[in-house]
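> Sending over a structure as structure tokens; questions will come in a sec.
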Amino acid sequence: MPQLLIITSENDIHADVIVKELYQSNIEPIRLNSESFIPQSEYHIAWGADGNITERRLHFNDSLREATDVKVIWWRKPNDYLPHSAITDPWAVKYAQDETKALMYSLHGLFPDVKWVNDYYNLRLPSNRINQIPIAQQLEILVPPTIVTNQYQPALDFIKKYQDCIVKPMSYSGFSHEDNQYACFTRSINVETLEEFRESIHLAPLFLQRRIAKKAEYRVTLIGRQHFVCRLDVKHLDDPDVNMDWRVIEPDKVTHVPDTLPDEYIQKLRGMLDIFGLNFGAFDIIRDDDDELYFIELNPNGQWYWMEILTGMPMVKAMVELITDLANQN
């Protein structure tokens, strides 16, 4: 039976639901959880002098499953690779984890003939938002005016020019401090706020954009040949922070409405996935007061199942269809 190998972690509801759905199909899901891979897996892969694989075994003791006929790999959300309990020395722990990461980043060599939902290495480029800007320009997709700098004066000139601006991280999502977790969300920035941090701007990149007035905000998810447009409405909450970035609250407090966007625009988004070599992507789009659509970002490995829960859009079915189509290409 053809197999799907899922690279993820124990707390991944997306993997949970796809595994459950695939049990009713002709594709066997094999789940590799990063937390248990080191202590609970057995593997060996050998190559001959000609570079052909002569032996390959990957067995999971916790699930009693063996990867014997992997046709598709789905790189989801692996966390840290936890060490075996027999390893106590910190440097030995680091070695085991680093070598395991190297093994996971070598899946192309371990399974050279498989298809990917999204190739791991194709995920890396668009995961940094600046790399998305020239592709949007190539496809004639509007983006907010943007600057990245570590200098006070260019940042000041930008804010003075556009007035209503926002600051956001390029990729950094959060940090922990004294056992508390903190996230980094989009926030407004003005000349006064910039002045407060004048002496520290040179310490790290500063990413600024003109704020786009939101007539409507969309999450557009492309899964294989299917696309799903969900309009996100937070006006009823009357909260400036939430209006700036709805992720500061739980998704079920946001009004989710299945919607549509022009086919031409959807095809441009699909063109971006094609350029990056992706089969899946989650896009954040804003419609301004003049009905212009602005591309905010592409998350090439974004979350989506919460929208099916809240709207009933058949996204799980679309993902299963994509996996099935990829498996049948081998």
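> Which residue, of Glu297, Glu308, is closer than 17 Å to Arg129 by Cβ, touching a helix residue (DSSP H, G or I) at 6+ places or on another chain (Cβ under 8 Å) and open to solvent by 30 Å² or more (accessible area, probe 1.4 Å)?
Sole residue among the options that is closer than 17 Å to Arg129 by Cβ, touching a helix residue (DSSP H, G or I) at 6+ places or on another chain (Cβ under 8 Å) and open to solvent by 30 Å² or more (accessible area, probe 1.4 Å): Glu297.
> One residue is enough: does the range 169-187 have a residue meeting the conditions more than 24 Å from Thr311 (Cβ to Cβ), part of a helix (DSSP H, G or I), open to solvent by 70 Å² or more (accessible area, probe 1.4 Å) and charged (D, E, K, R)?
No.
> If you scan the range 135-168, which residues turn out to be β-branched (Val, Ile, Thr), part of a helix (DSSP H, G or I) and in contact with a strand residue (DSSP E or B) (Cβ under 8 Å, 6 or more places away or on another chain)?
Result: Ile159, single match.
> If you take just the strands (runs of 3 or more DSSP E) that sit entirely in the range 1-92, which of them hold at least 2 residues that are exposed (fewer than 15 other Cβ atoms within 10 Å of the Cβ) and of a type outside the set (A, V, I, L, M)?
Per the criteria, 41-47, 53-60.
> Please go through the range 284-305 and give me each residue that is more than 14 Å from Ala216 (Cα to Cα) and either in contact with a Ser or Thr (Cβ under 9 Å, 6 or more places away or on another chain) or in a strand (DSSP E or B) (or both), ordered by number.
Passing the criteria: Glu297, Leu298, Asn299, Pro300, Asn301, Gly302, Trp304.
> Hey, another quick one. What number of residues within the range 231-262 are within 25 Å of Ser188 (Cβ to Cβ), outside any helix (DSSP H, G or I), touching a Phe, Trp or Tyr at 6+ places or on another chain (Cβ under 8 Å) and hydrophobic (A, V, I, L, M, F, W, C)?
3
> Same structure, new question: In this structure, is Gln132 part of a helix (DSSP H, G or I), free of Cβ contacts under 8 Å to residues at least 12 places away in the same chain and among the polar types (S, T, N, Q)?
Spelling it out, it is not the case that Gln132 is part of a helix (DSSP H, G or I), free of Cβ contacts under 8 Å to residues at least 12 places away in the same chain and among the polar types (S, T, N, Q).
> So, one more: Taking the range 19-53 as the region of interest, how many residues are under 20 Å from Ala327 (Cβ atoms) and hydrophobic (A, V, I, L, M, F, W, C)?
So the answer is 6.
> Kindly check whether there is at least one residue in the range 264-271 that is assigned to a strand (DSSP E or B) and surrounded by 12 or more Cβ atoms within 10 Å (Cβ to Cβ).
No.
> Which residues, counting only those in the range 274-292, are farther than 11 Å from Leu123 by Cβ, of a type in the set (A, V, I, L, M, F, W, C) and buried (at least 18 other Cβ atoms within 10 Å of the Cβ)?
Listed by number, the residues that qualify are Ala282, Phe283, Ile285, Ile286.
> When only residues in the range 110-139 that are more than 23 Å from the chain's Cα centre (by Cα) and open to solvent by 30 Å² or more (accessible area, probe 1.4 Å) count, which is farthest from Asp80 (Cα to Cα)?
Only one residue fits best here, namely Asp113.
> So, one more: Just one of Asn279, Asn243 is modelled with pLDDT of 95 or more and among the polar types (S, T, N, Q); which is it?
Among Asn279, Asn243, only Asn279 is modelled with pLDDT of 95 or more and among the polar types (S, T, N, Q).
> If you don't mind, there's one more thing I want to ask. Six or more apart or on different chains, Cβ atoms under 8 Å: show the pairs whose first residue is in the range 138-167 and on the phi > 0 side of the Ramachandran plot and whose second is open to solvent by 20 Å² or more (accessible area, probe 1.4 Å).
Glu140/Lys268
> Moving to a separate point now. Does Pro240 meet the test of being surrounded by 14 or more Cβ atoms within 10 Å (Cβ to Cβ) and more than 17 Å from the chain's Cα centre (by Cα)?
Judged against the criteria, Pro240 is not a match.
> Could you please find all residues in the range 301-313 being in contact (Cβ under 8 Å) with a residue 24 or more places away in the chain, closer than 18 Å to Gly281 by Cα and either in contact with a strand residue (DSSP E or B) (Cβ under 8 Å, 6 or more places away or on another chain) or charged (D, E, K, R) (or both)?
Asn301, Gly302, Gln303, Trp304, Met307, Met313
> Going through the range 203-221 one residue at a time, which ones are at pLDDT 95 or above and surrounded by fewer than 12 Cβ atoms within 10 Å (Cβ to Cβ)?
Leu203
> Name the residue, out of Asn118, Asn128, Asn122, Asn52, that is modelled with pLDDT under 95 and polar (S, T, N, Q).
Asn128
> Let me ask something else. Report, ordered by the first and then the second residue, all pairs with beta carbons closer than 9 Å, sequence separation of six or more or different chains, a first member in the range 211-234 that is under 22 Å from Lys253 (Cβ atoms) and free of Cβ contacts under 8 Å to residues at least 24 places away in the same chain, and a second member that is of a type outside the set (Gly, Ala, Ser) and open to solvent by less than 20 Å² (accessible area, probe 1.4 Å).
Val234/Val242; Val234/Val254
The values are calculated or read from the model by the stated rules, or taken from the named source; none is laboratory data. None of the values given here were measured: they were computed from a predicted structure. Positions of Cβ are backbone-derived with ideal geometry, glycine not excepted, and every protein chain shown enters the neighbour counts. Please note that ligands, DNA and RNA were not included when accessible areas were found on the heavy atoms of the full protein model with its side chains. Shrake-Rupley method; radii C 1.70, N 1.55, O 1.52, S 1.80 Å.
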